[in-house]
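Some notes on the structure that comes next.
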Amino acid sequence: MDSIRNFSIIAHIDHGKSTLADRMIQLAGLTNSRTFRDQILDTMDIERERGITIKSQAITLPYRAQDGGTYYLNLIDTPGHVDFSYEVSRSLASCEGVVLLVDAAQGVQAQTLANLYLAMEHDLEIIPVINKIDLPAADTERVMEQIENELGLDPFGSILCSAKEGTGVPDIMEAIVQRIPPPRGDAGKPLSALIFDAQYDAFRGTVVFCRVFDGIMKAGQAVRFMHNDTVYRVEEVGRFSLVREKKEQLEAGDVGYLIAGIKNVADVSVGDTITDDHRPCAAPLPGFKEAKPVVFASIYPIASDDYEELVVALEKYKLNDASFTYQKDSSVALGQGFRCGFLGLLHLDIVQERLEREYDLSIILSVPSVRYRFILKNGETVYIENPAHYPESMSIEKAEEPYIRATMMFPEQYLGAVMKLCIDRRGENSHINYPSPERVELQFELPLSSVIYDFYDSLKSLTQGYGSFDYDIIDYRESDLVLLDILVNGEKVDALSQIVNRAVARERALNTCERLKEEIPRQMFKIAIQGAVGGEIIARTTISAFRKDVTAKCYGGDITRKRKLLEKQKKGKKRMKMVGSVSIPQSAFVSVLKSDKG
Amino acid sequence: MIPDNNTSTLPGLYIHVPFCVTKCPYCNFYSVTDRSAIPSWINALRREMNWYKGEFEHFDTVYLGGGTPSVLSPNELAAVLDGAYEAFTISGDCEVTIEANPGDIDEDFLSFLRDTPVNRVNLGVQSFDDAVLAYLGRRHDSEDCRTSINLLRNSGYDNIGLDLIYAVPGQSMKSWKVTLEEALRWKPEHLSCYELTLETGTPMGRRFADGDVELPGEDERYDFFMTTSERLEKDGYIHYEVSNFARRETFRSRHNMKYWNHVTYLGLGPSAHSFSGNRRWWNHASVERYISDLEHNRRPLEERESLTDKDLRLERVFLGLRTIDGIDGNDPALFDPPANNILQQCLADGLLEHRAGRIVPTRRGLALADQLAVLL
C-alpha cells in the first residue's frame with residue numbers, strides 16, 4: 001500500500017488538465033509518441049472538441065521516484081463542469097490528494113474554488129500547480145498571490161509547469177509521491193469499495209470503476225452493491241493501463257475495475273459501496289446521493305419514420321450514461337418522442353450532439369424545463385417537469401420552483417453588470433466577498449429555471465470571458481407560475497409550451513414569437529405566431545405570406561431541370577415539421593431553446 | 001378535331017434554329033452568332049429527321065424556335081420545312097409557328113412566308129420602351145416592332161403572338177403599363193409576358209451574381225404579375241398559363257400546351273428536348289457536335305432519362321398548376337396524402353379552386369405555382 005498514490009487533477013475548463021494528464025502518461029512510459037494521441041483520457045470526440053472531460057476515467061501510472069522506489073500513481077480523472085459536480089465529489093472521495101491546476105494567465109476561477117472546497121471536505125493533500133507558464137500573458141506572481149490569498153494555500157509549495165512543453169511535470173510526479181499520503185486501509189477487514197464511474201463494454205457488460213478502502217476483491221467472490229441492493233459474482237478485477245490489465249485481486253488502497261456480468265450501466269450507481277455479500281462491512285461509505293436530473297426536455301425525431309431509430313439510439317446511449325433518463329412522451333405537434341432528464345444544460349447539449357453525430361439522427365428538442373412542485377388543494381404534492389402535465393390552474397394551492405445558490409468570480413469592474421444580470425434573472429440574497437482586492441466572489445440565490453438557458457453565456461460575455469460560475473441546488477420556493485402556450489396559426493405547438501414565472505411570461509412569449517418569426521421561412525399563407533397564457537394572448541407576431549414563386553419560362557428544355565429543383569425543395573420540406581399547414585424547420589425549435597431568458 | 005381550347009393529344013414537332021445575329025445578355029437558350037454553319041446544320045437536321053422517320057405518326061404542331069429562326073433566308077427556311085414535311089406526316093390543320101425578331105421580317109420575307117405552311121408568327125417584341133430594349137441588349141427598337149406587326153397584319157397573318165418582358169432592372173411600372181397598352185392596341189391573338197429571369201451562365205446572370213445587377217423585389221414582381229394579368233383579362237384575354245395569354249381559347253399556343261400536358265413532342269436540332277411516354281432525351285448544345293455526330297450517323301444525344309411514376313406525378317402536378325386547366329381533382333395519386341391539409345387551406349385561401357372536377361390555380365395561385373407544387 002505504501003507504493004500507491006491515489007490522486008485527481010482538478011482545474012477550471014481549459015486550464016490544461018488533459019494536457020498534463022497526457023504528459024504524465026508519457027512520462028510513465030505507457031505510450032511512446034508514435035502511438036500517442038493528444039489527450040488520451042478524453043476519449044470521446046465531443047470531449048476533445050469542447051476540451052472538457054465528461055466521464056471520469058482512471059489510469060495507473062508506474063513511476064520510479066528519486067528515492068529509488070517504484071510507485072503506482074492512480075490518476076482518477078474528473079469531469080470539469082458544474083453539471084457533473086457529484087461525479088467530481090465521488091472521484092475525490094477515492095483519492096488522498098489532488099493536483100490543483102491554475103492557469104498562469106487566467107488565475108483562480110470559481111470552478112477552481114468549488115473543486116478546491118470539495119477536496120478540502122475530503123481532507124485531501126493539495127498540490128497547487130501553476131500551468132501554462134510559457135504563455136506570454138502568464139503572470140506567475142499574481143497567481144501565487146491568489147493561491148495564498150484566495151485559496152489560503154502555501155504559495156511556496158506551488159509547482160511551475162508548462163504541460164504543453166513538458167516542463168515541471170517530473171516535479172509534479174515527485175511531489176505526488178512525497179506529499180500525498182499513501183492510502184490507509186486494512187486488507188483483512190470486510191470489503192468496502194467506492195464506485196466512482198462505470199462504462200459499458202459491448203463484450204463484457206458494465207465495467208465498474210472503484211476504489212477499495214478495506215478488504216479484498218477478486219474473481220469468484222459474491223459482492224453486494226449496498227444502495228442498489230444487488231448481488232453479483234465477480235468475473236474479473238484489474239487496473240487500468242492504457243487498456244484494462246487483469247489482476248489477481250484488488251485490495252485495500254487500490255484503484256481498479258470490476259467486471260461482474262452487469263448488463264446495464266444504469267444498474268450501477270456512482271457513489272454506491274461494494275461489499276462482500278457473505279461478510280459485509282458495517283455501513284456503506286458516506287456521501288451517497290442519487291444523481292438526479294434537474295433539466296428536462298423532450299426529444300422527437302424530425303421525421304416520424306425515424307422513431308424506431310431514435311428508440312434504438314436512446315437505448316444504446318443510456319448504456320453509457322446512467323445519469324440520463326428518458327421515458328415515452330408524445331406531442332400533438334411533433335408526434336411520438338421521449339421526455340428526457342439531464343444533469344444540466346451542458347449535459348443536454350452533449351446528449352443532443354451525440355445522438356445526432358453518433359446515431360445520425362435529426363432530432364428536435366423541446367424547450368427545457370426544471371422540475372416544479374405543486375401543492376394541490378386536495379393536499380397532494382406533485383412534481384411537474386413537463387408542461388403537458390401542468391395541473392388545472394383551479395386545483396393549485398401553491399406553486400414552487402427549485403432555487404440554486406450560484407457562486408461567480410470575476411474582476412471587480414464587472415460587479416455592477418453581473419449584479420444587474422442576476423437581479424434581472426430574479427436573483428435574491430446576494431453575498432459579496434473580496435478574496436483579493438481586485439476580485440469579487442458573488443453569491444446569489446436564483447431560480448434554476450432562470451439560469452438553465454443562457455445565463456453562463458451572458459455572464460461570460462458581460463465579464464469578457466473572465467467570469468466563472470458554479471452552483472448548488474438549495475431548495476424549492478414559492479413562485480407565481482403560469483403555463484405559456486405558443487400558437488402557430490391558432491394551433492398550439494405543445495413542444496413549445498413552457499412553465500414560467502408570471503413576471504417574465506410576456507417577455508418570454510415575445511422573445512419566443514420573435515425567434516420563431518426569424519426562423520420560420522415565409523410560406524404561402526400569412527402565419528400568426530402567438531403567445532398565450534390561460535387563453536389570453538400576451539404576444540403576437542406575423543410572418544407575411546409568400547406572393548410570387550414561379551418560373552417564368554417552362555418549356556421542353558426546362559422541365560427536367562425544374563423537376564429536379566422541386567424534388568430538392570420537397571426533400572427540404574420533409575425535414576421540417578408540419579404544424580397544421582405550416583412547415584416549421586428544426587432551427588426554429590432550436591432557436592427558442594437557445595435564446596430564451598428566464 | 002381540335003377542341004376549343006386548342007389542346008390536342010397528338011405529338012408536336014420542335015425545331016431548334018441555333019443561330020442569332022447577336023446574343024442577348026439575359027438569354028439562356030443555346031445559339032451561336034457564327035452563321036456560316038447554317039448549310040451543314042440544315043443537312044444534319046434532315047439526317048436527324050430521317051432518324052425519327054416512321055417513329056412519330058402524325059404531328060399537329062410544328063414550332064420553329066431558337067435562336068432566331070428569322071435569320072434564315074427564304075431558301076434555308078424552305079429546306080427546313082420541306083425536310084419536315086417529307087420525313088413526317090403533318091396534319092392539314094397543323095399549327096405551324098415561327099419565332100421572329102422584329103426588324104428581320106420585310107415584305108419579301110413575308111411574301112415568301114405566305115407560301116409556306118407557317119400560319120402563326122411569334123414576334124420577340126420584348127418591350128415598346130426603347131430604354132428597356134437597349135438595357136436588354138436587343139438589336140431592334142420599338143419602331144421596328146410596329147413596322148413588323150403592321151407588315152404581318154397587312155400580309156394577312158391573323159395569328160400573331162407577341163413576347164414581352166417585365167421586371168427588368170430599372171423598369172418602372174409606368175413603363176410596363178405603356179408597353180402593355182401598346183401591345184393591346186395591336187390586338188395580338190397571343191401574348192407571352194415573362195418576368196425577366198437571370199440564369200447563371202448568361203452575361204447578365206453573372207453580373208447579377210456579382211451584385212452588379214439588382215432585380216426588383218418579390219412584392220414588386222408580384223405587382224407586375226398581377227397588374228399584367230388583370231389588365232389583359234380586362235380586355236378579354238385568357239390568362240391560361242403563368243406567362244401566357246390568349247385573346248380567345250382557340251388562340252392558345254397548341255404547341256406549348258403539349259409541354260404542360262405531358263403530350264409527346266419531338267425536338268430536333270442542337271439542345272432540343274424530346275418527350276414520349278416516360279422517356280425524355282435531349283441533344284448536345286453544340287452545333288459542331290450536332291453536325292459531326294449526324295455526319296457520322298450517330299444520334300446527337302446528350303442525355304436521356306426514364307421517368308419513374310413518381311417523377312411523372314411530380315411533373316403532372318407542377319406543370320398542371322402552371323395552367324388554368326390545373327390538375328385532376330379526383331386523382332388521389334397526384335397528391336402526397338399529408339398534403340391534404342395544405343390543399344384545403346389553399347382552397348380556403350383562394351390560391352386554388354375546384355372547377356369541373358379539376359383543381360385549378362387562381363391568379364394568385366399561378367404566381368405561386370412552384371411553391372404549390374412543392375407543398376402538394
Legend entry - Per-residue average of Cβ from other chains inside 10 Å of B:358-370: 3
Inset, instruction - Please give the length that would be gained between A:Lys571 and A:Asp305 if that part of the chain were fully extended, namely 0.36 nm times their separation in residues minus their C-alpha to C-alpha distance (nm, one decimal). - result: 94.3 nm
Inset, instruction - Starting from the Cα of A:Asp457, step 7 Å toward the Cβ, then list every residue of segment A:348-385 with an amide N under 18 Å from that point. - result: A:348-354, A:364-370
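Among DSSP beta bridges lying fully in the protein assembly as shown, give the percent that are antiparallel, nearest 5. Spell out each step's value before the answer.
Details: 135 of 184 bridges.
Approximately 75 percent, going by the DSSP bridge assignments.
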Inset, instruction - Excluding residues on the same chain fewer than 8 positions from B:Lys177, give the lysines whose Cα lies under 19 Å from its Cα. - result: B:Lys187, B:Lys234
Legend entry - Proximal lysines relative to A:Lys263, as straight alpha-carbon distance under 25 Å, when same-chain residues fewer than 8 apart are discounted: A:Lys55, A:Lys218, A:Lys246, A:Lys247, A:Lys289, A:Lys292, A:Lys316, A:Lys318, A:Lys328
Inset, instruction - Between A:Thr167 and A:Met394, with labels modelled 7 Å along Cα→Cβ, what's the label distance in nm to one decimal, could you check? - result: 7.6 nm
Inset, instruction - Identify the trypsin sites (Lys or Arg not before Pro) of segment B:114-193 meeting these criteria: DSSP loop state and at most 15 other C-beta atoms within 10 Å of the C-beta. - result: B:Arg139
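Provide the gained length on full extension for the span A:Ala187 to A:Glu428, in nm with one decimal, where the gain is 0.36 nm per separating residue minus the Cα-Cα distance.
Details: separation 241, 0.36 × 241 = 86.76 nm, distance 5.05 nm.
Fully extending the segment from A:Ala187 to A:Glu428 adds 81.7 nm.
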Inset, instruction - Write out the GluC sites (Glu not before Pro) in segment B:184-287 meeting two conditions: DSSP loop, and at most 16 other Cβ atoms within 10 Å of their Cβ. - result: B:Glu199, B:Glu214
Legend entry - Along each principal axis, Cα extent of segment A:192-276, largest first, Å: 29, 27, 22
Legend entry - Whole-Hz ³J(HN,Hα) from phi, Karplus 6.51 cos²θ - 1.76 cosθ + 1.60, for segment A:417-425, glycine and proline x: 5, 5, 4, 5, 4, 5, 5, 4, 8
Inset, instruction - Determine the sum of side-chain charges near B:Leu307: Lys and Arg each +1, Asp and Glu each -1, restricted to other residues whose C-beta is under 14 angstrom from that of B:Leu307. - result: +4
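State to the nearest 20 debye the size of the charge dipole of the protein assembly as shown about its Cα centre, where the only charges are +1 on K and R beta carbons and -1 on D and E beta carbons.
On the way: 110 positive and 143 negative charges, 357 e Å.
Once rounded to the nearest 20, the dipole reads 1720 debye.
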Inset, instruction - Apply 1/(1 + (r/R0)^6) to the Cβ-Cβ distance of A:Ala417 and B:Thr9, taking R0 = 60 Å, and write down the FRET efficiency to the nearest 0.05. - result: 0.20
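Can you compute the charge dipole magnitude of chain B about its Cα centre, using +1 on each Lys and Arg Cβ and -1 on each Asp and Glu Cβ, nothing else charged? Give it in debye, rounded to the nearest 20.
Working: 39 positive and 57 negative charges, 74 e Å.
Charge dipole, chain B, about its Cα centre: 360 debye, nearest 20.
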Legend entry - Mean separation of Cα contacts under 8 Å, 6 or more apart, over the residue count of chain B: relative contact order %: 17 percent
Legend entry - FRET efficiency estimate (nearest 0.05) - Cβ-Cβ, A:Glu518 to A:Arg405, R0 25 angstrom: 0.10
Inset, instruction - Given the options B:Asp235, B:Asp325, B:Asp60, state which has the largest fluctuation in a GNM of chain B using a 10 Å cut-off (strictly under) for Cα springs. - result: B:Asp235
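Between A:Arg142 and B:Glu57, what FRET efficiency follows from the Cβ-Cβ distance if R0 is 60 Å, with the result rounded to 0.05? Kindly include the intermediate steps, with their values, before the conclusion.
Working: r = 94 Å, r/R0 = 1.57.
Rounded to the nearest 0.05, the efficiency is 0.05.
Determine the calculated [θ] at 222 nm for chain A from helices alone, applying -39500 (n - 2.57) to every DSSP H run no shorter than 4 residues and normalising by the residue count; nearest 500 deg cm²/dmol.
On the way: 13 runs with 148 residues, N = 598.
Dividing the helical sum by the residues of chain A leaves -7500 deg cm²/dmol.
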Inset, instruction - Please tell me the relative contact order of chain A in percent, rounded to the nearest whole number, where contacts are Cα pairs under 8 Å and at least six residues apart. - result: 10 percent
Inset, instruction - Set Lys and Arg Cβ to +1 and Asp and Glu Cβ to -1, take the dipole of chain B about its Cα centre, and tell me which of B:Pro11, B:Ser253, B:Thr179 lies farthest positive. - result: B:Pro11
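Among bridges DSSP assigns within segment B:12-260, what percent are antiparallel (round to 5)?
Details: 6 of 32 bridges.
Percent antiparallel among DSSP bridges in segment B:12-260 is about 20.
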Inset, instruction - Could I have the simple spin-label model distance between B:Met173 and B:Asp235, label points 7 Å from Cα toward Cβ, reported in nm to one decimal? - result: 1.9 nm
Inset, instruction - Quickly work out the B:Asp158-to-B:Thr22 label distance, labels modelled 7 Å from Cα along the C-beta direction, and quote it in nm with one decimal. - result: 3.7 nm
Legend entry - Set of lysines with alpha-carbon distance to B:Lys310 below 27 Å, sequence-local pairs under 8 removed: A:Lys548, A:Lys553, A:Lys562, A:Lys564, A:Lys568, A:Lys570, A:Lys571, A:Lys573, A:Lys574, A:Lys577, B:Lys258
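Quick note: the coordinates plus some simple rules give every number you see, no bench work behind them. The model shown is predicted, which means the values in this text are computed figures rather than measured ones. We place every Cβ from the backbone using ideal geometry, glycine too, and count neighbours over all the protein chains shown.
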